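What follows is a set of notes on a single structure, which appears directly below.
The values are calculated or read from the model by the stated rules, or taken from the named source; none is laboratory data. This structure is a prediction, so every number in the text was calculated from the model and none was measured. Reconstructed Cβ throughout: ideal geometry from the backbone, glycine too, with neighbour counts over all protein chains shown.
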Amino acid sequence: MNYQPQPQAVPPYPYPVQQPYPPQSCPLCGNTKHMGRKAKLLYKQWVCKKCNSGFANRRQFAFFIDWLLLNAATVVLVLGAGIHTRLEANLIALIATLIFFFKDGFTGTSPGKALMGVQAINIQTGRPADFGASFMRNLPLLIPFMVIIVGFSLIKGQRIGDGWAKTRVIWKKYADRMPFASLFPPPPVI
């Protein structure tokens, strides 16, 4: 007698799973022109090359704006306060660097992120990143040359610090679309 097992119904997995091949159109912009072999993975979801590059460029430019503002503020404080010793200048630079690590704690946006339309969110709750998460996600930047590695990792979406802090950066313009809408599980039903 030939026994054939019956297929079992499997409930859908609530978290985003990497699609085996690109869909016909980009889930962000809806364009079909840049899909196919040019499609890229962003948070394990296929998006067109144009949206992937646009998102990575926004994040890189936001970081550059924040870095520029930090350095400008440090120079203004050092020169404006009439600081004459290297110790006082280094102390102001240290304080400014600490502020830089907490920059995403203001509703998940820093000045650069706000200008570029991106936001850091907690992947467990979907809420904006707080000061603790901001510190954790920026901590790896203390490692020499990590800024370069982080810059290249933005193409795939998540950088090292985001994994530590359980955060992800979303493009607010497309917050209701994949892959950004699926970054955190729905709240439990009570």
Flagged in region 161-190 as hydrophobic (A, V, I, L, M, F, W, C) and either modelled with pLDDT under 75 or closer than 17 Å to ALA62 by Cβ (or both), in numbering order, are ALA165, VAL169, ILE170, TRP171, ALA175, PHE180, LEU183, PHE184, VAL189, ILE190
- Task: With respect to GLN60, determine if the residue is buried (at least 18 other Cβ atoms within 10 Å of the Cβ), under 19 Å from TYR174 (Cα atoms) and modelled with pLDDT of 85 or more.
- Result: no
Hey, any hits in region 15-37 for a residue that's assigned to a helix (DSSP H, G or I), loosely packed, with under 14 Cβ neighbours inside 10 Å and at pLDDT below 80?
yes
Per the filter on region 73-87, residues in a helix (DSSP H, G or I) and either touching a residue at least 60 places away in the same chain (Cβ under 8 Å) or more than 25 Å from ASP130 (Cα to Cα) (or both) are VAL75, VAL76, LEU77, VAL78, LEU79, GLY80, ARG86, LEU87
Matching residues in region 32-63 (of a type in the set (A, V, I, L, M, F, W, C) and more than 17 Å from the chain's Cα centre (by Cα)) number 3
Checked pairs for region 133-155, first over 16 Å from ARG58 (Cα atoms) and without any contact (Cβ under 8 Å) to a residue 40 or more places away in the chain, second buried (at least 19 other Cβ atoms within 10 Å of the Cβ) and of a type in the set (Phe, Trp, Tyr), C-beta under 8 Å and 6 or more apart or across chains, list as ASN138/PHE100
Matching residues in region 38-52 (without any contact (Cβ under 8 Å) to a residue 12 or more places away in the chain and surrounded by 14 or more Cβ atoms within 10 Å (Cβ to Cβ)) number 0
